[in-house]
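Coordinate-derived values only; no laboratory data. Remember, it's a predicted structure, so these values are computed and weren't measured experimentally. No Cβ is skipped: glycine too gets one built from the backbone with ideal geometry, and neighbour counts run over all protein chains shown.
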Amino acid sequence: MGRRRTAREYALQILFQQEFSNLDTADALRRFWQDKSPTSDVLDYTEWLVSGIISRLEAIDEVVQSYSENWRISRMAVVDRNILRLAAFEMLHEEHIAPAVIINEALEIAKKFSSDKGALFINGILDAVGRNIDRLRKEMKERNNDGSEGQRSDEGHDPS
């Protein structure tokens, strides 16, 4: 399994844990890493994902909600909701990885942590987000005023 996939799976586990705890992000991360020895790039990407999602949760949920017909975020399965948040955040803020790659990664993670039905649900929503990603990125940049907040700038990193 690639380093980015590992980071995404770790981020999903941390987000899932935070759904059921009152821990702040720093405490949740500290507790999660206690029994793991990730490489620095896995740790950095995981923490970037988790911190970015938590700090922009409302905006990310608005994006997901706008493409999920007849499903409120609060009514989605916890795993599915967090896979959607993870992929939507990454599509919006990781411009060095094509949305199709991010969607594929999300579907692989859904197959592992959710169900076939969940993967289909996730695919439908993320496909719609991906088709509108340029407009959504522009709106997110306008929302952040200067347009740079949250963007990754490390050229040449492994996109998988």
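Before moving on, here are some points about what is shown:
- Take 65-75, 92-102, 47-57, 4-14 and order them by the average number of nearby Cβ atoms within 10 Å per residue, most first; the result is 4-14, 47-57, 92-102, 65-75.
- Q34-L57 pseudo-label distance in nm [points 7 Å out on the Cα-to-Cβ vector]: 2.1 nm
- Placing +1 on each Lys and Arg Cβ and -1 on each Asp and Glu Cβ, with no other charges, gives the chain a dipole about its Cα centre of roughly 440 debye.
- Per-residue [θ]222 nm for the chain (sum of -39500 (n - 2.57) over DSSP H runs n ≥ 4, rounded to 500): -22500 deg cm²/dmol
- Normalised per residue, the volume of the convex hull around the Cα set of the range 77-122 (Å³): 55 Å³
- Over the chain, Cα pairs under 8 Å with separation of 6+ residues give a relative contact order of 25 percent.
- Kyte-Doolittle mean at least -0.5 and Cα axial length at least 18 Å: DSSP H helices in the chain: 40-55, 78-93, 99-113, 116-131
- 14 Å tail of the calculated P(r), the range 14-55, as % of Cα pairs: 45 percent
- Leading residue at positive end of dipole, the range 1-97 (Cβ point charges), from N22, Q34, S74: Q34
- Across the chain, Cα-Cα pairs farther apart than 19 Å form 52% of the total.
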